[in-house]
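The values are calculated or read from the model by the stated rules, or taken from the named source; none is laboratory data. Please read all numbers here as calculations on a predicted model, not as lab measurements. Cβ atoms come from the backbone with ideal geometry, glycine included; neighbour counts cover every protein chain shown. We work out accessible area using only protein heavy atoms, side chains counted, and drop any ligands, DNA or RNA first. Shrake-Rupley method; radii C 1.70, N 1.55, O 1.52, S 1.80 Å.
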Amino acid sequence: QVQLVESGGGVVQAGGSLRLSCAASERTFNIYVIKWIRQAPGKEHEFVSAVSASGGSRYYSDSVKGRFTISRDNAKNTVYLQMIDLKPEDTAVYYCAAAIDTLNVRSTLYDYWGQGTQVTVSS
């Protein structure tokens, strides 16, 4: 079982930046697609970004493309989400999730996920 712990959330003004981190407990971390999924108040889970097990492929939703960058360091069992030019509509709880499925990368399907970190963007 993979345990995931997110960090790096906070309150930032529109146009600001944050970097989220997702640290995994297991060395088998490097066989999973790692996703960032967010949930805004009153809304359903939304796919944000994903990175393949090797780190060679990266995926983004249209709403964050060009502003967010995902990366992973398998040696450190950690995935990062660099977010720039943040907008109020980015306000949500951001969850890190691990998925073995490589066919539905842009979905909100997962096998394990963390407790989430709050990102609040003020206008």
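Things to note:
- Counted residues, the range 46-71 - those being under 15 Å from D90 (Cβ atoms) and open to solvent by 30 Å² or more (accessible area, probe 1.4 Å): 7
- Tally of residues being of a type in the set (A, V, I, L, M, F, W, C) and over 11 Å from the mean Cα position of the chain (by Cα) across the range 34-54: 2
- Residue in the range 102-118 that is within 11 Å of A40 (Cα to Cα) and in contact (Cβ under 8 Å) with a residue 12 or more places away in the chain present: yes
Matching residues to (1) at pLDDT below 95; (2) of a type in the set (A, V, I, L, M, F, W, C):
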| site | (1), (2) |
| --- | --- |
| V2 | yes, yes |
| G9 | no, no |
| L18 | no, yes |
| A23 | no, yes |
| I34 | no, yes |
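- For the range 14-45, the set of residues classified as surrounded by fewer than 16 Cβ atoms within 10 Å (Cβ to Cβ) and under 16 Å from F68 (Cα atoms) consists of A14, G15, G16, S17, R19, listed by residue number.
- If the condition is being part of a loop (DSSP other than H, G, I, E, B) and surrounded by 13 or more Cβ atoms within 10 Å (Cβ to Cβ), then the range 107-118 contributes S107, T108, L109, Y110, D111, G114, G116.
- Filter result for D101 (closer than 20 Å to V2 by Cβ, charged (D, E, K, R) and either open to solvent by 50 Å² or more (accessible area, probe 1.4 Å) or not in a strand (DSSP E or B) (or both)): yes
- The range 83-101 residues that are on the phi < 0 side of the Ramachandran plot, paired with ones that are crowded, with 18+ Cβ neighbours inside 10 Å and among the polar types (S, T, N, Q) (beta carbon under 6 Å, 6 or more apart): Y94/T117
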